[in-house]
Each structure stands twice: as C-alpha cells, then as structure tokens.
Amino acid sequence: MDPQTIEDDLRAAMHAGPPPVPGWPDPVARVEHGITRRRRNRSVAAVAAAVLLIGVAVTEPLVRSTTPPPTTLATVDATEQAAEPLIERRSPRADRQPCRLDRVESLEWIVQSAPWGPSTGFALRPNNSERCTLSGTPQLSGTNVATGMSEPITAVSVGPLDDRISRQFPATVDPGEPARIHIRAATTCPEGQNPRSYRALVLTVGTRQLKLPEFRVLTDVCGADVSPWFVEPPLDYAPLNATVQAPTTLRAGQDFTYTVRIDNAFPRDYELRSCPVYRLGLAAEATDAWRRITCAPTSIAAHGSMRFTLRGRVPPDTPPGRHKLTWLAALSDGEAIIADMATDGAVVVIT
C-alpha cells in the first residue's frame, strides 16, 4: 500500500469524525485558550499592581501628615532668670527582703555627670530580681602601704553628709538600681598618731568581701568615715523625650546658641501648664543660673514636638577636650525633663 495513501486516509478520518478521545478538546484550541488565559491574568495582575502603587502613593502622605511638625516656642532672647525649681523624686520604698550579694564581686565608681545627677561615689547593684533592702554600715579595710599587711581602717566621724544630695536610708532598691555608700577620709590626726596610706581597699558586708576599684586609694589618713547604705532616688520624669542640638566644637568663654527639641512619643496630648525652667550644664558644672522660657502655656500634641532655640555660654575656665553638654528642665508639677538621657548629654569638644 502506498504510504502516501495511508497518511491521506488517517488525515481524513481525524477530521471527518469526533475527536479520538471523547471529551478531549481540540489540542490546538486548548493551547490557544491557555495562552489567552495567561495573557489575561498578566493584564489583571498588572492593573492590580498599578492600583496598589497608586494607593500607596495616595495614602503615604496621609500617614506622614498625622505627625505634626515641631512648633517653635521660643527664640534666643525669650528667657528670664528664675528661682531654683522644686523637682520631685521617687517616693521612698518600704523595707523589703535583704539584698543578695552573690555574684557581686566589686563596687563600681559612679561619677557625677551633671549638677543634678548622681553624686560621685561607690555603688553596687545587688543580684536580685525583686526589690530588696541593703542596710547597715560596712567595714572598710585595706593594705597598709608601709607594712604590706591587710588591716581594718579605723572608723571615724568627719561630720554630716552633704545635705544637697537627696538620700534615703536604708538602701531599698529596685532591680538594677544601685545601692550606695559614701567614704570620706579623715585627714586630721589626733595628737601622737601618724597618718597611714592604704591600697587594695575592701568592704566587708556580712560574710562577703567586696573589692573597691583598684585606682581608689587612701593616702595619709587617720581613719575613714563610711556611711550606711543609701539610695539616691531618681527624679520624677515627665513622659517626654528631649534632645539638644549644639555646635560640636566650642571655645572656652564662647557664647553660642543651641536648640532643644521636646518630643511627646505618646498617642495623647501632653498639657504644658507652664513654660519650663531650665539649666544648662557642661563638664558636670552648671554654666548659668536657672532660667525660665517665656512662652505661652500650651500642650504638646500626640506624637508632636516643640522646639526652643536658646543661648548658652562656655565658662572661660573650662578645660579643653571632650565634654558632655547637659540640659535639665523642670515643669510646674515638679516633673523633670533631661535631654539626651541615653548618652548622658550631647558631646562637644572645647578648644
């Protein structure tokens, strides 16, 4: 049989009757239908993406507009001298269970970072997950420099503590809060007693011996006055954040302007009953007296901010080098605002 005849018969049979498999559509039409459907899906997806992009472009400005721009409330001359404000502090804590000192091996040396900050002195953070109390007076000992022997240091009284620092006795502290002591050297010796010098100072608290930082020594003393444990209650802070923007390089004796921005991070308005009384500090010293910003009392909108442009001065005797510029404000209800709390102030270089 002629091969060409067989091929012709097969072609005629396929086109004359129904498809070889019942219910199976024409293969060519099926492929064409699939291509059309994919093109239509891509078109729908493109249109949807365009609509989505348009929606983002329209709604994004609406989201941004919910945060009001900063309100400028004062200029460099809109201030006046003010009396020292009363700033509230955390209320005293009732005595709790004794603090645990396991895993506490030494005391840290806390350096005052601003005129209103913590006093310089020794502190430890008890190993407690709950509020606890550290009471009593520890015993101080050290290595006698002349003999090389460790010995107790005579406990003496050199007068009352500085009452400008707020202290609560005993030291009832929250987790992470430091308990403090104050050590003062007795530099006046009784007749016939020779002064001594000590290094490797150690405090005995109960059964624990806690090392003081190695760089702390007592030189030419006739004893030491060790205070009982106490806590310096933190200030009562307003629910506001503040930042200072100032020139990064300043000269000793220079007048300069700086900007303070106060932000309300909460979703509700903060009522400002009176304008803040503030003080600028540099190198742990106040640079000026307390001053009041003269502005109309208002409120800070939810997620809003206020901006003050103020004048400052670098004391002429400020040593050159890197310093922290600190800013504290007090409100009428005694709440405090401290700028740049996370960094203990804004860094400036004095030339």
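The values are calculated or read from the model by the stated rules, or taken from the named source; none is laboratory data. This is a predicted model, so every value here is computed, not measured. Using ideal geometry, Cβ is built from the backbone for each residue, glycine included, and neighbour counts are taken over all protein chains shown. Ligands, DNA and RNA are stripped out before the accessible areas are found, and what is left, the full protein with its side chains, is counted by its heavy atoms. Shrake-Rupley method; radii C 1.70, N 1.55, O 1.52, S 1.80 Å.
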Could you look at the stretch 78-224 and say what percent of its accessible area is carbon and sulfur, using a 1.4 Å probe and all protein chains? 48
So how far, in whole Å, is the C-alpha centre of the stretch 127-186 from the one of the stretch 229-287? 31
Just to compare against my own numbers: the Cα pair-distance distribution for the stretch 250-313, 10 Å bins, whole % per bin, please. 18, 44, 27, 10, 0
What Kirkwood Rh does the stretch 123-182 have if only Cα atoms enter the pairwise 1/r average? Answer in Å. 14.1
Amide N proximity, the stretch 279-305 versus Asp333 label position 7 Å along Cα-to-Cβ, cut-off under 20 Å: 293, 295-305
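Roughly speaking, what is the stretch gain from Asp344 to Trp109, that is 0.36 nm per residue apart minus the C-alpha to C-alpha distance, in nm to one decimal?
83.0 nm
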For the stretch 127-234, would you read off the P(r) tail past 23 Å as a percentage of all alpha carbon pairs? 33
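Do any trypsin sites (Lys or Arg not before Pro) in the stretch 246-346 lie in a loop, going by DSSP, with at most 15 other beta-carbon atoms within 10 Å of their beta carbon, and if so which?
Within the stretch 246-346, the qualifying trypsin sites (Lys or Arg not before Pro) (loop, at most 15 other Cβ atoms within 10 Å) are Arg251, Arg268, Arg273.
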Charge dipole of the stretch 135-280 built from unit charges on the beta carbon (Lys, Arg +1; Asp, Glu -1), centred at mean Cα; most positive-end Cα among Gly206, Pro276, Trp229 is Gly206
